[in-house]
Amino acid sequence: MDSAETLLISPVPRAPVDVPPVRARALLLVLGLAGTVFALMQALVIPALPRIQTSLGTNADGAAWISTAYLLSACILTPVIGRLGEMVGKRRMMLASLATFAVGTLVCATAGSLGELVAGRVVQGTAGGIYPLAFAIIRDRLPRERVPAGIGLISSLLGIGGGLGLVLPGPIMARLSYQWLFWLPLVVILATLVLAARYIPADGPAEAGAGIPWGSSLMMALGLSAVLVAVSESATWHWADIRTLGLLLLGAAALLGWGRAEARSSNPLVDMGLMRLRGVWTANAAAMLIGMGMYASFLIIPEFVQSPVRLGYGFGASVTGAGLFMLPTAAVQLLLGPASGLLHRRFSLRAQLIAGQLSCAAGFSSLAVWHAAPWQIYAATTVLGIGFWLCLVALPNQVVSAVPAARTGSATAVNTVVRNAGGAVGGQLAAAIIVGSAQAGSTAPAASGYIGALILCAAATCAGTLVAFAVPRRNPR
């Protein structure tokens, strides 16, 4: 019997549930605020990049690092922070993450150069552990029957925050400078920090005496950095460039070495035995595929609707108008979020994930075929919102249901990183297809480029549906 099976069979201590109903609601509100503002900041700068580029006097490649730095930092540090929560206490790490998030946002708001802004985005990205910490706190502190609904609600805020991040920049920048994209969220972050200190119950380490595996963390950081930089720069370097291929090979080798070392470690950053469980690896594979579609859609749809009508497609929308086309995606998830508990009681996680991936595949496919009228875009983004919600609710609950309580933070952190990595790959592949469709002598993409990118997203979510069928009908726990 391997270590993962032993962990699953052995009784796992569970933190006493002593949170009265009012405090439980306050706890979910605090964790929801934290998750929403983190997801918001991930997408908020994307529509503002041209304005920021002009203000700082940099080029498009330099401005792209404003988004890339945030993604890199979050992907690298999310597993570390999730594991630290298990070692030193989840409340302590949540407060530290929010405080660091506030510092990074302040640096971004006051940045006078590209270097300062990118540095602030790196510091902001350290808050990537907010989601796995929130899932672990919910599992520890809420009654067992309320855990799936709580986790589903917090997870669905990822899509809501991402959607709002595409809607809000237009109205803000119409009246204010781009710096207010950081000043306004800073107020929310500081308020969340105060509320978190008040309502998140104190806890201790889940594993007494465990040390921090810094060597493992550094090797993982090297591997992820190499892969994500190669993917992020592929639009500039091209996939066949020696720099892209070299970084991909370096990253793959580092991650392979890291995985082998983790499997032999007595104090791993990520328990590889748990990662091999059917309920975990299927959730991680499905997360990568839905991430490809979801994050690519945040690029494809706004660019398509902003394309000038004279090209034969698009609607010539403004930044604000493009955000409104994405509003149904966020609105649907906001409306359905409270129904997460009912969803869990009526349908299995496997059924939720299958339905979610199928909904996304249907939304992308319909958009690839029908995109001549605004109502067709709104209809497709509504269907996509339903699909994203179903997947985002099911995925963390699937991981949580398959792993011991003591490893909730690190296991859900890996799922988060895999989804973000899939988003990075999906976004770059979609961009390459769109840019590559431009006719000779023209910089404007052809309609076939957007259609091809949407077909890529549909194919990814169709593959996600097949993976979802491999999810266990019932987990050992």
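The figures follow:
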item	result
Yes/no for F325 being assigned to a helix (DSSP H, G or I), among the aromatic types (F, W, Y) and either at pLDDT 95 or above or surrounded by fewer than 17 Cβ atoms within 10 Å (Cβ to Cβ) (or both)	no
Yes/no for L269 being surrounded by 13 or more Cβ atoms within 10 Å (Cβ to Cβ) and farther than 16 Å from L218 by Cα	no
Test: residue in segment 105-121 that is farther than 21 Å from L228 by Cα and crowded, with 23+ Cβ neighbours inside 10 Å	yes
Total residues in segment 29-39, condition over 16 Å from A102 (Cα atoms) and buried (at least 21 other Cβ atoms within 10 Å of the Cβ)	0
Qualifying positions in segment 229-277 - farther than 19 Å from G215 by Cα, outside any helix (DSSP H, G or I) and charged (D, E, K, R)	D241, R276
Residue that is nearest to the chain's Cα centre (by Cα), among those in segment 170-206 that are among the β-branched types (V, I, T) and under 14 Å from M94 (Cβ atoms)	I189
Long-range neighbours under 7 Å by Cβ, at least six apart or interchain, first residue touching a residue at least 12 places away in the same chain (Cβ under 8 Å) within segment 341-353, second hydroxyl-bearing (S, T, Y)	L349/S401
Cβ-Cβ under 9 Å pairs, at least 6 apart or on other chains, segment 126-140 side closer than 13 Å to F101 by Cβ, far side at pLDDT 90 or above and of a type in the set (F, W, Y)	T126/F101; A127/F38; A127/F101; G128/F38; I130/F38; I130/F101; Y131/F38
Condition met for T282 (over 20 Å from the mean Cα position of the chain (by Cα), surrounded by 15 or more Cβ atoms within 10 Å (Cβ to Cβ), among the polar types (S, T, N, Q) and assigned to a helix (DSSP H, G or I))	no
Tabulated pairs, segment 157-182, first under 21 Å from A134 (Cα atoms) and outside any helix (DSSP H, G or I), second β-branched (V, I, T) and at pLDDT 85 or above, C-beta under 9 angstrom, 6+ apart or interchain	none
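The values are calculated or read from the model by the stated rules, or taken from the named source; none is laboratory data. Predicted model only: the values in this text are computed from it and were never measured. Methodologically, a virtual Cβ is constructed for each residue, glycine included, from the backbone with ideal geometry; neighbour enumeration extends over all protein chains shown.
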